[in-house]
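Below is one structure, written out as structure tokens; the observations come after it.
Quick note: the coordinates plus some simple rules give every number you see, no bench work behind them. Here the structure is a predicted model, which means the values were calculated and not measured. Glycine also receives a Cβ, built like all others from the backbone with ideal geometry; neighbour counts cover every protein chain displayed.
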Amino acid sequence: MKARCQCGQLGATVPGPGDQIVACHCLACQRRTGAPFGVIAYYDRAVVTLTGEVREYSRVADSGNSFTTGFCPTCGSTLYARADKHPQMIGITVGSFADPGHPPPHRAVFEDTRHGWFAFAAEMAHFPQGRT
């Protein structure tokens, strides 16, 4: 599978849709995406190939660990994220695949700041904060 930014300059290639797909409603993800939540598919870093020029932004997450996002310096699209808490993993933003058939998230986190007019399916895992 291939993911890319809006202008196509920054890309990622992964072996498939991933088995850890997370929707996050935290305020930082809302600001990062400009949407009510962000959705990221996580992979082992060894299976992800990144291409193109990238800029990164790091912030301190609620856990106290660093959370870094990689974005295209031309169009500004966020393509990936890395959390110091899980250094062997990298997350690719699901919207960057531009595939309406992409599998849905497995869990939703930080639902305590979820917009009240939106809800994921009841059968997926829901957490008011992180996964703990």
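Structure data summary
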item	result
Positive-end residue, the chain charge dipole about Cα centroid, Cβ charges, pick of THR69, CYS26, VAL94	THR69
Order of ARG55, ARG107 under a 10 Å beta carbon neighbour criterion, fewest first	ARG55, ARG107
Residue order, fewest to most beta carbons within 10 Å, for ARG45, ARG59, ARG4	ARG59, ARG45, ARG4
Ascending count of other beta-carbon atoms within 10 Å, so fewest first, for PHE71, PHE118	PHE118, PHE71
